[in-house]
Every structure is written in C-alpha cells, then in structure tokens.
1. Per residue of A:190-197, how many C-beta atoms from partner chains lie within 10 Å of its own C-beta, taken as a mean?
2. Return the average number of partner chain Cβ atoms within 10 angstrom of each residue Cβ along peptide B:375-381.
3. About the Cα centre of the range A:52-183, what is the dipole size in debye to 20, counting +1 per Lys and Arg Cβ and -1 per Asp and Glu Cβ, all else neutral?
4. Using a 1.4 angstrom probe with every protein chain in place, what is the largest-first accessible-area order of B:Trp432, B:Trp158?
5. Counting only Cα, what are the radius of gyration and maximum Cα-Cα distance Dmax of the protein assembly as shown, in Å?
6. Whole Å is fine, so just give me how far the alpha carbon centre of the range B:221-291 lies from that of the range A:341-390.
7. Can you sort B:Lys88, A:Lys81 by 1.4 Å-probe accessible area, starting with the largest?
8. Give me D for the range A:433-491 in µm² s⁻¹, whole number, from Stokes-Einstein with Rh from the Kirkwood sum over alpha-carbon pairs, 37 °C and 0.692 mPa s.
Number of protein chains: 2
Amino acid sequence: MSTWLRLLNSWKLQTRFTLLNHINCIRYSSRISDELLDKARSIVGDNNFTISEAARLLHGRDESYHVPLPPDLILFPTSTKQVSEIAKLCTIHKIPMIPFGTGTGLEGGVGATRGGVTLNMTRMDQILEVSTDDLFATVRPGVTRSRLNNHIRDTGMWFPIDPGADASLCGMVVTSASGTNAVRYGTMKENVINMEVVLANGDVINTSGTDCRAKKSSAGYNLTGLFVGCEGTLGIMTAATLRLYGIPESVSSAVCSFPSVYDAISTATMVIQAGIPVARLEFLDDVMMSACNKYSGLSYDETASLFLEFHGSSNSVEEQAELAKEIAKDNNSGEFQWTTDPEERSRLWKARHDALYASKALLPGCEVYITDVCVPMSNLPDVIVKSKQAISESGCIAPIVGHVGDGNFHCCFLLKPGDNEELKKVREIAMWMGRLAISARGTCTGEHGVGRGKIQLVQEQYGEDGISLMRNIKFALDPDNIMNPGKVITL
Amino acid sequence: MSTWLRLLNSWKLQTRFTLLNHINCIRYSSRISDELLDKARSIVGDNNFTISEAARLLHGRDESYHVPLPPDLILFPTSTKQVSEIAKLCTIHKIPMIPFGTGTGLEGGVGATRGGVTLNMTRMDQILEVSTDDLFATVRPGVTRSRLNNHIRDTGMWFPIDPGADASLCGMVVTSASGTNAVRYGTMKENVINMEVVLANGDVINTSGTDCRAKKSSAGYNLTGLFVGCEGTLGIMTAATLRLYGIPESVSSAVCSFPSVYDAISTATMVIQAGIPVARLEFLDDVMMSACNKYSGLSYDETASLFLEFHGSSNSVEEQAELAKEIAKDNNSGEFQWTTDPEERSRLWKARHDALYASKALLPGCEVYITDVCVPMSNLPDVIVKSKQAISESGCIAPIVGHVGDGNFHCCFLLKPGDNEELKKVREIAMWMGRLAISARGTCTGEHGVGRGKIQLVQEQYGEDGISLMRNIKFALDPDNIMNPGKVITL
C-alpha cells in the first residue's frame, strides 16, 4: 500500500479514535472554561453573548421531534470577521460550532450533539445588494425569504423558492430546501450564484470566486454545489447570492379532484411530460381534503386532489390551465375549477394554504411530526398508496401533502404531546417510508435534509463506499469534526 | 496547533514533496514497465489496448492550441469493473490516468502532463435506460449528444444542452458544458440526476445514491454537484443519468440587427427581465455578421445582431416573438424578422449555424483558437466592446459569438498554422480577457472549463484560500495525484 494511502488511512483511524474520545467524554468536551468564555465574549461583545438556560434550550432544538441538545453558549456574530475569529478559537480548543438561523428545520440539524458554541446568525441581517439588471440579490444569513421578497417587491422581481416556513435564505441554502415552486424554478441547488463561507480554520472563501456574479461558470471545482445542503458540517455561510426572477405578469390557479391517487398522479405526470411550465403542482390526499373541508368550511370532494398554479402572460396562463384541464379529464377528474382572478384564486387555494392548520385541527392540542421522501413520478402512486396503508394499519393520523411535480411528498403525523409510544411508532413508519422510497429508486429526503434524523437512511441510500467518500470530504474540510458534528453522516 | 492540523499540514507538505518528485522525474514516472503493460492489457484484452505512436499522439491533444502531451498507453475499457481495476493498478504503481471522450475539448484537458494511461471511454457506449414517464436517460461515457437525441426522437423527448460539438454526454458533464439552450434549460450542472464514478482507489460510487432517480434530493453531500465539472481530476465517470425534456410543440425563430453592441445586449437583458422564456439568445458581432454574409451569400446588416429562438405552444411562441420584437424596437433595432415555418427558420438562423465555418473562411487555411468568458449582463456590453478594441489593436481577426442570455461569449481567433508569434499574441489577449471578465464580476470560463489553459486565471478568480480548499478536496479524493494530473489547479 502506498505511503499516501497508509497515511490517509492512519489519519482516518486516528480521527475515528479522537471522535470516540469525544463521544466518551461529552461532559468534558462540552465544558467550556471561563477563560474561553471570556475570549468568545470579547469577539462578539457582551450584548451578543449568552449562556442563559432559556437561550441554550431554545437553541438546542428546531421544529422537529428530536430530543433538544442545548449548546454551552450562544454567540450572535455581527460580521464575517467575527465568525472567522470564532472558528479559529473553536479550532484551537476543539469546540463544536453550530450555525442557527430561524430554527425551522425538521430533522434536528441544530442540536449540539457534543455541546459547544451555537452561532445565532440572525444579527447578520443585511440585504447587501439587489441587481435588477442581473437578477440577483446578496443577503446575510439573518435575511428571511419573506423579508427579501418584501424588500424587492417594487422592483418587479421575486425569489420564488418557498419551503413553507419563513426560513432564513442561508438556512434554505445549507439544507437544500425547495417547496411548492421548485417544479418550475428549481430547488436551492439551482438558485445559488455564489456563497461566502467561513471554514473550520477561519479561512473565508467565495464558492464561485471572489465577487463573481456570473450566471454560469466552469472555472474550478463546483464549490457552490458542494456547500449547498452541507447543513453547516463543512463551513458556516456568511452570505449568499441568489437568483431572482421577474414577477409573472399573470397567474392562474386551479383545483381538481380524482377518484384515485393513481389518476391524480397520472395527471401530474402528463402535465410535466406535455411540457406545460406549471409553477405549482400540489397533491392533497383524501384525509387532508377532509381536514381542510372541516377546518375552512369548504365542500371539496374528499378524495385525492391536485392544486395547480401557472405563471406567464395572460394568454399563456389561460392556455396552460386549459391544457391541464384536458389532461385531468382524460384521467377521470371531477370538475376542474380554474381562474385568474386574485380573490377567486385565494378561495380555490385556501385548502392548500390552510393544510398544516387543518391537519392540526384534526386532533386538538396535537403536535405534528412531518417526514418527506421523493421518488421518480412513475413510482409515486405506489409509494403514496403503500404509505397510506401503513399509516392506517398503525392507527396513526397522518394527512399527506405533496409537491408531486417533483415526486416529493410529506406525511404530517399528528401526535398527542408526551405520547412516547405513539412517537416511537411514527418514527418506525418514517424510517420504513425512507427505505420504501430508496427501494423505489428515490431518496430518503427530498427537501428536509438529514440532520440527526436520517443519517442511517442516507447510509443505506449511498452504501459504504459513497459514505466513505463523504467522510473523506468532511475530514478534508473539518479534520477536528467541530463543524456541526453528528449531522448528515457518522464518522 | 492541534495534532490534527499538524497531521493535515504534514500530509499536505509531503504530498507536495511527492508532486515535486513527480515533476522532477517525468521521464521515470512516464516509463511503464513491460510487466505493467501486461497487467493493463490483461484487464481490457488485446483488442482494447494500444501503445502505437499514432494513437498516443491522437490521445494527447484535443481541439485546442495546447501542446499535445501523449500518454504512454491507451486502454479502451468496456465495463465499469475494468475501469475500477485500472484505477487500482494505477494507484498501486502511481501511474496517471486520463479519461478521453470525443477529444472536442478546448482547454487541453486530455493532455498527459506526466505520461501514464489514457482511458478512451468510447467503447462503453450503451444507452442503458430511457424513461418517458420520469424524463431521464442513463448513458455510458461513449454516448454522444446527437446519438442520444436520435435514439429518443420517437419518444417525443430530447436532451437540449448543446455545446456545438457532438461531444460525449459524460464529457459534457465533467467539463460543465452548456451552450445555446442553457438560457432556458440550464447547464449540465442543472441536468444531471446521478452519476456512476470510479474513484482513484477503485471504489465505484453513485453520486446521488445507488440507483437513485429522484428529481431532487437533500440526502447527504451534493456529490453530483461536486463531480460536475471536475474534468476527471476527482474520479472517472462511467455512467450519467440526465434529465430529458418534451420536444416543444412549436418553435419560433427570430433575427434582428442593432446599431450598437449596447442596444443588442440591452435587448437581451430586457427579454430576460420580462420573463420571456427564451430558449436561445445568441449574439453575433459585426465581424461575424460580415463573415456570415460572405460565406453563406446572405445580406444581413453587418452590425451587432441577435438570433432568438422560442419554445412552447403555437400561441406562446408567437406571443414570445412579438414581445421580443417590441423590446428590440425600444432598443433601436432594425427589422425584426421572425417565423414559425421550419424552412424559414433554417434560413433565418443559417448565419448562426454557419458561424464557425464562416469565421474560418475569412482566412483560408487558418485554424481557430476559441476562448470564452462569462460576466453579469450589465457588464457584458463593456466587456465585449473592450475585447473588440483589444482585438483590433492587436491586428488579430476574431469574430465574436455569444450565448448572451447567460452573459457568455466566445472570441474565435483565426490563426495561420505555425505562426507562433500570432499564437503568443492571441494567448496574451485571451489571458487579458479572462482578467477583464474577473474584474467585471464574471468568470474566466463560462463553459469551456479549465484544463491546462486557465489554471492561472482560476487561481486569480478564487484567491489562495479558495484554491487551498480545492487542493484539500483533491488530496482527499486523489492523494497520489494520479487522476488527470496537472489540470484545473496546481498542487
């Protein structure tokens, strides 16, 4: 074996050994000396530093069901320079550092698995640049999706990617978020032009080159591609330059019900195949439609339904709706309602907009455990139907909503707070669904990311050689495993 | 400094030392023992092995002006297993391995900088799968763009990315190619669903997970993103799954001339801002238009011109053309000719289709040195005008054609064969243009890649910290620097 392979392997072994130590002495590694606290405080200033119990609890959890894991302290950096100094400090002392945005994640990505420092990025909240000629905006990590869209509304532009929550845009980048508009505008992977990232050693890099704003590039490794979806395990994002789009001249919205999941998904598939540039193509199952009728006082058929939205010129959105109507009819649809009138559109889509609240209302006082998978559209009906069977056999309540234009859907499991038996059952079904999706040539998560919740499933999806490659990349960028440790992959 | 940083640094230093040795003893490292030749031959079989002088010369060069660097031997693997065995053999003996497709690259990406083994991938030429429901095709590296499109024509689908040359699709993936349709359909970065890659150690991985065909995923690191554009320096691609699109129901084509580069590019910018889903948006400068008139017996205005193409329903393509016509008129355009008639469309676009041949005809017997840059559209007119000035001051002839919907353009320098003075001058202008693009917030290469030609420019675009990160990734995946060494970055 070559010197280099030997060196590489010994390096990996020793790293593993260090990690074992970390695990064996969590108490130690999560104890931060007063001297270190003072150094950290001096970087960000007294007002941007806290070790309060309440703040630590708040920063140890997201919106998921994962056990909260509080950090030892929270810093609120206000500049890239501060983030870089914090990284250098954490590297010297082997202290984990975890980035925190709006805390709207769903897979436990912000938990401090080994204690350490959480960097709350919300005080770096400048919109640095908006270009109407070049259709991009550069934002700091504290800027949320809705804030950017409010800020640029008068320019006639918008940022369409919409995961539901009003997440921070940089949080959306690092979890590779997408949502309802992805079928037309792509996911975050397709909408990042450049990122500023602070590495573990404190280096500050720009993933497409210093100040590059070109729409495309084939210069050097695709670092932008690599950092999208890294969940803070390879570096901490301090700015992102995102593509903007012109606000469509016209929008038409449509709703239609079907006798079966198969008919609904066949319609979705044929709409895509026909090249209709549909902007939103959402599926709600019978349980969700029933919940929406109850919650919003509507009278939709309580069967598999599609909610569609089309963007373009006024002629184009009418034509797209009519074409989709023909396709739906060929798939045994009920009445296909569509309109371009803004008030009518809101009424038609009310069920979809209220879906999450409607779900919760099915079990008053409940909380919601959401999981997502994504598969090729030809396998989507089977995977949805099998999931519904498993859910009903388990006795759980879990309405389904899906971005089916991408083959992606979510189960919203309703849980009585504190019912650990039920929670265990739901976790088992979620794991089973991930494996079902992988076996159907799909992925265990379409847009929620891995966090702590899907590490095992990602391992099964990639196999040992794929995970070993990810580990090599992780080791190369973060040899001490201090960047959001315990997420995405096990080492 | 931590044990790990020390180990990492010593590892880097030793690697650099090894690389220096490689460079100091090219003769040694490029001499392959008879025993090794026999082992290589036994992996692929006698008919898939050659060390002939002619074959070595052919495989040492692409279509660029870089000095040919022949490998020591050429293997024609016919399976992923063979590629994996070759990688293991090359790793044991520290022999460079260089993948070779159609040899249509433009930046010297296939030269054997330290000798070694070239893997000619053209005998792995199966179209493994085509899915009409899920709109993807999986191909081996020997499948070219036109072969895939001929194969699927009857399905009503096509793969739109068109770099001009009939390149191999996997070659297009590893150079992050794009071309005329990228403004609507994206570049290769946006159109790869999964890849099978053989790593330096012989491991075979799938970048999106084993057999994954999901349209989107947030499971694990974005390996697909990382390997697109790696130019064979991180691994050798043995299969790619690509997105397909429905062949548009209708197409309209348009041509229009403008009094100035500024008017033409303003039109292009406003077409994009207006959200017109233009499929092709090409710019030809006055020199190129004059060449096309001469070559094809046409009578276009010999000024800055735009060639546009629109895809969609018959109504939609007419509406798009009319909208673009209005925008062009507001920018002082000449007559805006457009049509949906196939024969008329060919006539209108003849100049664009013949552009390369027309350029060559300006200097009979010449060869063409093409360079490309990409900048934000607001900086595009200045960069084009300054480039034209530099070209005319140098006395060179270099018609310009650009995919200006993306801010990307090419200068086609005409060279008398053997005129090294002229070649030196052109190289200097190309370097100057790369720097001009970087200073205009762009990239030194929009779609040609780095190869050997733009390593220095990539270094200037990313700065030392960015390049150091790329080196860490390279070291992690290829510790012996045997995967297409001497390309993309210096170590």
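1. Average neighbour count from other chains, rounded to a whole number: 1.
2. Going residue by residue through B:375-381 and averaging, the value is 5.
3. 440 debye
4. Highest to lowest solvent-accessible surface, that is B:Trp432, B:Trp158.
5. Considering the protein assembly as shown through its Cα atoms, Rg and Dmax are 28.0, 82 Å.
6. 37 Å
7. A:Lys81, B:Lys88
8. D, rounded to a whole number, is 273 µm²/s.
The values are calculated or read from the model by the stated rules, or taken from the named source; none is laboratory data. All values derive from a computational prediction rather than experimental measurement. When we count neighbours, we look across all protein chains shown, and the Cβ atoms used for this are built from the backbone with ideal geometry, even at glycine. Calculation scope for accessible area: heavy atoms of the full protein, side chains included, ligands and nucleic acids excluded. Shrake-Rupley method; radii C 1.70, N 1.55, O 1.52, S 1.80 Å.
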